[in-house]
Amino acid sequence: MKEFQKGKMVPMPSTALIPERDLGKIPVLECIHVGIEFGGLKAVEDFNFTIGKTEIAGLIGPNGAGKTTVFNLLTRVYTPTHGTIMIDGQDTKGKTTVQLSKMGVARTFQNIRLFSDMTVEDNVRVGLHNRMKYTTASGILRLPSYWKKEKESHERAMELLSIFDMQDMAGLKAGNLPYGAQRRLEIVRALATEPKLLLLDEPAAGMNPNETGELMENIVKIRDEFQIAVLLIEHDMKLVMGICEGICVLNFGKIIAKGTAEEIQSNPEVIKAYLGNNSMEG
Amino acid sequence: MKKGLKINKTATKDYITYLVVIAAFIIITFMNRGGMLNKRMQGLLVPVCCYIVMAISLNLTVGIMGELSLGHAGFMSLGAFTGVVVSQSLITAIPNDVIRLVISLAAGAVVAAVGGFLIGLPVLRLRGDYLAIVTLAFGEIIMDVINCLIVGHDSEGLHVIFNFRGDKTVADLNLAEGGSAIIKGAQGAVGTKTIATFTAGFIIIMITLFVVLNFVRSRSGRAVLAIRDNRIAAESVGVDVMKHKMIAFVISTTLAGMAGALYGLNFNMISADKFNFNTSILVLVFVVLGGLGNILGSIIAATVLYILPEVLRGLQDYRMLIYAVVLIVVMITTNNPKVRGLFLKIIPKRNKTEGGEAQ
């Protein structure tokens with residue numbers, strides 16, 4: 001863990017969009033005044049956020065702040081009512097969830113959504129859906145392209161599973177895995193889609209400190225090996241402060257602070273949002 | 001290592017399904033040759049094959065795709081009457097029964113595929129039980145439409161009247177000398193030359209198995225399973241939900257059309273009322289009792305439940321009672337965890353050494 005911290009932590013000025021250092025190139029994610037209203041209720045408002053190509057960013061905030069709504073906007077589960085979301089320089093206006101996946105946005109879910117009746121390997125292979133293609137007809141007739149692609153996708157799935165040392169579980173039913181392994185499998189499945197931006201919704205929820213430590217190392221490892229950006233929602237501050245190079249704090253749908261771990265920790269707005277006014281005085 | 005085991009396991013399961021069907025075919029063929037089957041049983045052979053295909057294909061929609069279809073008999077009906085019309089109108093052009101049968105089955109399959117596509121186009125976009133409602137209506141509509149059809153064939157080609165007022169008869173077709181009516185409205189198809197054979201039935205079962213099993217083990221099949229398990233997650237990894245549901249549904253209706261064509265060509269008269277709501281439910285019962293997603297289960301359930309009422313015919317009035325009791329017992333023992341637990345408690349105690357094997 002400590003090895004990573006030395007090289008990877010990049011300090012940033014609090015006023016800058018995240019990250020400062022990538023602003024010259026095309027950022028992988030660019031949210032410009034993004035907002036969504038549900039019948040008058042502004043769930044997310046004026047959300048401005050930028051993530052560089054190989055950034056690990058964190059999205060934190062109290063319960064109900066709109067963090068998961070941001071993920072749903074980024075993956076077009078919800079259509080934003082205001083603003084623009086650019087992925088790798090491309091506007092996502094009018095795109096569907098499936099098209100967003102093809103553009104390179106992959107996610108995990110807060111309440112795990114695996115294909116629980118399928119095997120671990122098949123879960124990953126569904127993730128490879130748009131990367132190892134052959135027609136339905138050649139699948140039914142078992143033409144050479146079927147055998148070739150199936151072999152490739154098997155090998156690729158095993159390779160991806162090996163990130164978390166899960167090759168031995170390949171034949172097990174995903175629903176029968178222990179909780180931590182299910183969370184890891186969701187990440188592997190997301191990685192199978194070859195994303196440019198990986199969205200992790202509370203990846204450490206329900207994990208013990210050892211598992212969380214491992215997860216932190218793995219997230220950094222994934223970023224380094226795949227050269228992708230990671231945006232994560234997490235309540236475990238050790239994880240967020242430990243690996244996130246830029247942090248964005250959300251409260252009641254609005255960004256109240258952006259910056260590095262140290263800046264966020266000392267920001268009075270953030271402390272107020274987390275602890276409330278009364279507890280500050282008391 | 002474990003991976004290798006797993007692949008073998010699913011592949012073995014498929015091979016067992018194929019083997020069971022092939023073995024059953026060989027045994028029944030020999031029994032038939034040896035004169036061990038009575039007339040009534042012989043008459044059941046082709047319909048059983050058709051219903052097995054129906055059950056497997058419906059299992060693709062209900063068990064594997066996870067959408068309820070209540071109008072599977074409607075697609076069978078489309079296939080049946082298409083098959084009959086094609087076969088009867090080609091009777092002079094292609095005297096060879098086998099070739100005509102193949103063409104008729106293909107035509108039945110194609111028409112049912114088009115029907116499935118048109119039904120799926122609006123309905124599969126929606127979430128919820130709309131497919132059940134629309135297919136239910138489709139089955140009834142198709143029945144009424146065919147009841148209004150008068151179709152005849154002569155040297156000039158096909159003559160079709162859509163008799164929606166009910167005042168037309170076969171005479172209105174103005175058939176030329178030597179022409180004959182194929183479908184006579186509510187009477188259905190009459191005077192069909194029966195060209196369906198048990199071998200043909202066996203072959204369409206094998207085709208169905210080949211298509212369905214290979215589909216499930218392919219990229220598209222995995223996508224369909226993923227959609228059933230978790231639609232939101234499937235979309236998030238880039239699976240086009242509509243497209244893959246459509247592929248599965250069209251395959252399902254195509255196979256039903258093929259089964260229907262064979263069924264239609266097995267009887268020299270058949271009316272559209274045969275393919276009513278009850279038939280759809282009968283096939284659904286085969287699928288549910290055989291186990292959702294379990295292909296071999298569908299085959300066994302279709303065979304047993306289709307033949308059972310015929311075998312029990314000697315018991316006269318009691319046969320439907322026994323049939324009902326068998327249905328209920330199977331349903332309860334396979335689906336109710338409490339009762340299943342109770343059965344397992346009673347049964348393995350008798351032979352505790354084998355207890356481990358009984359789940």
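The values are calculated or read from the model by the stated rules, or taken from the named source; none is laboratory data. Just so we're clear, the structure is a prediction, and the values are computed from it rather than from any experiment. Neighbour counts are summed over all protein chains in view; Cβ atoms, including those assigned to glycine, are modelled from backbone coordinates with ideal geometry.
So the values come out like this:
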{"read-out": "Conditions (1) touching a residue at least 24 places away in the same chain (Cβ under 8 Å); (2) surrounded by 22 or more Cβ atoms within 10 Å (Cβ to Cβ); (3) within 25 Å of A:Gly171 (Cα to Cα); number of the one not met by A:Gly139", "value": "(1)"}
{"read-out": "A:Val124 within 16 Å of A:Leu191 (Cα to Cα) and surrounded by 19 or more Cβ atoms within 10 Å (Cβ to Cβ)", "value": "yes"}
{"read-out": "Matching option when the condition is within 14 Å of another protein chain (Cβ to nearest Cβ) and more than 17 Å from B:Gly201 (Cα to Cα), among B:Met36, B:Met65", "value": "B:Met65"}
{"read-out": "Residue list for the range A:92-120, restricted to those being more than 7 Å from chain B (Cβ to nearest Cβ) and part of a helix (DSSP H, G or I)", "value": "A:Gln99, A:Leu100, A:Met103, A:Val120"}
{"read-out": "Single condition B:Asn163 does not satisfy, out of (1) out of contact with any Cys (no Cβ under 8 Å at 6 or more places or on another chain); (2) surrounded by 12 or more Cβ atoms within 10 Å (Cβ to Cβ)", "value": "(1)"}
{"read-out": "Count - residues of the range B:166-195 that are surrounded by 15 or more Cβ atoms within 10 Å (Cβ to Cβ) and polar (S, T, N, Q)", "value": "3"}
{"read-out": "Helices (runs of 4 or more DSSP H) (entirely within the range B:1-93) containing at least 3 residues that are among the small types (Gly, Ala, Ser) and within 12 Å of the chain's Cα centre (by Cα)", "value": "B:72-89"}
{"read-out": "Enumeration of residues in the range A:36-87 that are closer than 15 Å to A:Val105 by Cα and part of a strand (DSSP E or B)", "value": "A:Thr50, A:Ile51, A:Ile56, A:Ala57, A:Ile85, A:Met86, A:Ile87"}
{"read-out": "Counted residues, the range B:227-263 - those being polar (S, T, N, Q) and either more than 10 Å from chain A (Cβ to nearest Cβ) or touching a residue at least 24 places away in the same chain (Cβ under 8 Å) (or both)", "value": "3"}
{"read-out": "3 or more residues modelled with pLDDT of 90 or more and either touching a Ser or Thr at 6+ places or on another chain (Cβ under 9 Å) or of a type in the set (D, E, K, R) (or both): qualifying helices (runs of 4 or more DSSP H) within the range B:239-344", "value": "B:241-264, B:277-290, B:295-311"}
{"read-out": "Helices (runs of 4 or more DSSP H) (entirely within the range A:163-282) containing at least 3 residues that are more than 17 Å from A:Gly58 (Cβ to Cβ)", "value": "A:179-192, A:209-226, A:268-281"}
{"read-out": "Condition check for B:Ile99: of a type in the set (A, V, I, L, M), surrounded by 14 or more Cβ atoms within 10 Å (Cβ to Cβ) and not in a loop (DSSP other than H, G, I, E, B)", "value": "no"}
{"read-out": "Matching option when the condition is within 9 Å of chain B (Cβ to nearest Cβ), surrounded by fewer than 18 Cβ atoms within 10 Å (Cβ to Cβ), within 20 Å of A:Ser101 (Cβ to Cβ) and in contact (Cβ under 8 Å) with a residue 12 or more places away in the chain, among A:Lys133, A:Lys149", "value": "A:Lys133"}
{"read-out": "Whichever residue in the range B:102-143 is of a type in the set (Ser, Thr, Tyr) and over 27 Å from B:Phe202 (Cα atoms) and, among such residues, is surrounded by the most Cβ atoms within 10 Å (Cβ to Cβ)", "value": "B:Thr135"}
{"read-out": "Output for the range B:196-226, where each listed residue is in contact with a Lys or Arg (Cβ under 8 Å, 6 or more places away or on another chain) and at the interface with chain A (Cβ under 9 Å from one of its Cβ atoms)", "value": "B:Asn214, B:Arg219, B:Arg222"}
{"read-out": "The range B:164-205 - residue that is in contact with an Asp or Glu (Cβ under 6 Å, 6 or more places away or on another chain) and of a type in the set (A, V, I, L, M, F, W, C) and, of those, farthest from B:Leu45 (Cα to Cα)", "value": "B:Ala176"}
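One line per residue, one yes/no per condition, for (1) within 30 Å of A:Ser116 (Cα to Cα); (2) out of contact with any helix residue (DSSP H, G or I) (no Cβ under 8 Å at 6 or more places or on another chain); (3) modelled with pLDDT under 90; (4) not in a strand (DSSP E or B):
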{"site": "B:Ala132", "(1), (2), (3), (4)": "yes, yes, no, yes"}
{"site": "B:His159", "(1), (2), (3), (4)": "no, no, yes, no"}
{"site": "B:Ala176", "(1), (2), (3), (4)": "no, yes, yes, yes"}
{"site": "B:Thr194", "(1), (2), (3), (4)": "no, yes, no, yes"}
{"site": "B:Ala226", "(1), (2), (3), (4)": "yes, no, no, yes"}
